[in-house]
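The values are calculated or read from the model by the stated rules, or taken from the named source; none is laboratory data. Keep in mind the model is a prediction, meaning the values are calculated, not measured. All Cβ positions, even for glycine, are placed from backbone atoms using ideal geometry, and neighbour counts span all protein chains on display.
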Amino acid sequence: MEYDCGFTTDNKWFRFRAAAIIVEDGYVLFAGNETADYYYSIGGAVHMGESAEEAVKREAFEETGVRYEVDKLAVIHENFFYEKIKGMPEVHDCHEIAFYFLMKPRGTRELKSNSYTLGVKENMYWLPVAELDKYRAYPSFMKEYLETSHNGIEHIITDERDK
């Protein structure tokens, strides 16, 4: 049995997440499903005993059906938000630490996705980077990050609780 690096106490929820930034020809890959009214980055919880890099490769494969290679660690994201956690009655005060890895492009947007999260079918969406601000897509920093140059690893903090 796999154990995620995270915990829930009362209405507080914490998770250590590994996420992929997958860009092909001006498009970035996001996921979505029928129960969410927004798009979200490819990735998921790091398992106990698993490195973040191992986790992002596993998650990218699970969600896309394609074995992506890591280019580099790009962003450490501290994210604060409220969310209704499936199967729990109250809204949770969430704190997530995510390592975002830039994945090596493959030269194609073809995927072999057959992903489910908590029993719900996930769909993959290639969203144009130049138009990301027209979508409700998280993390909210993605458009600005992809349109600017970077040296080293970025540390980004977002707090969606006041919105």
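This table checks each residue for (1) surrounded by fewer than 18 Cβ atoms within 10 Å (Cβ to Cβ); (2) out of contact with any Lys or Arg (no Cβ under 6 Å at 6 or more places or on another chain); (3) not in a strand (DSSP E or B).
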residue	(1), (2), (3)
Glu2	yes, yes, yes
Phe7	yes, yes, no
Arg17	no, yes, no
Leu29	no, yes, no
Gly49	yes, yes, yes
Val56	no, yes, yes
His77	no, yes, no
Checklist line | Residue that is modelled with the lowest pLDDT [pool: residues in region 16-57 that are of a type in the set (D, E, K, R), in contact with a strand residue (DSSP E or B) (Cβ under 8 Å, 6 or more places away or on another chain) and under 26 Å from Lys84 (Cα atoms)] | finding: Glu34
Checklist line | Pair list, Cβ under 8 Å, 6 or more apart: region 45-68 residue free of Cβ contacts under 8 Å to residues at least 60 places away in the same chain, other residue surrounded by fewer than 19 Cβ atoms within 10 Å (Cβ to Cβ) and of a type in the set (S, T, N, Q) | finding: Gly65/Ser113; Gly65/Asn114
Note to self: Go through region 115-152 and report how many residues are farther than 15 Å from Gly26 by Cβ, over 17 Å from the mean Cα position of the chain (by Cα) and in contact (Cβ under 8 Å) with a residue 12 or more places away in the chain.
What the structure shows: 1
Notebook entry, point to check: What is the number of the single condition among (1) within 25 Å of Thr35 (Cβ to Cβ); (2) modelled with pLDDT of 95 or more that Val129 does not meet?
Noted result: (1)
Note to self: Restricting to region 88-118, and then to whatever is at pLDDT below 85 and assigned to a strand (DSSP E or B), can you tell me which residue is nearest to Arg15 (Cα to Cα)?
What the structure shows: Thr117
Next item on the list: Only residues in region 1-19 that are over 19 Å from Phe141 (Cβ atoms) count as the first member; pair them with residues that are assigned to a loop (DSSP other than H, G, I, E, B) and among the aliphatic types (A, V, I, L, M), Cβ under 7 angstrom, at least 6 apart or cross-chain, and list the lot.
Entry: Tyr3/Met48; Cys5/Val46; Cys5/Met48; Trp13/Ile85
Notebook entry, point to check: What number of residues in region 51-83 are under 21 Å from Ile157 (Cβ atoms), under 13 Å from the mean Cα position of the chain (by Cα) and basic (Lys, Arg)?
Noted result: 0
Notebook entry, point to check: Lys121 fails exactly one of the following numbered conditions: (1) modelled with pLDDT under 95; (2) assigned to a strand (DSSP E or B); (3) surrounded by 14 or more Cβ atoms within 10 Å (Cβ to Cβ). What is the number of that condition?
Noted result: (3)
Next item on the list: Being assigned to a loop (DSSP other than H, G, I, E, B) and exposed (fewer than 14 other Cβ atoms within 10 Å of the Cβ) is the filter here, so list the residues in region 58-75 that pass it.
Entry: Arg67, Glu69
Check: How many residues, within region 127-139, are surrounded by 16 or more Cβ atoms within 10 Å (Cβ to Cβ) and not in a helix (DSSP H, G or I)?
Finding: 5
Next item on the list: Pick out the one residue from Lys121, Lys143 that is out of contact with any helix residue (DSSP H, G or I) (no Cβ under 6 Å at 6 or more places or on another chain) and basic (Lys, Arg).
Entry: Lys121
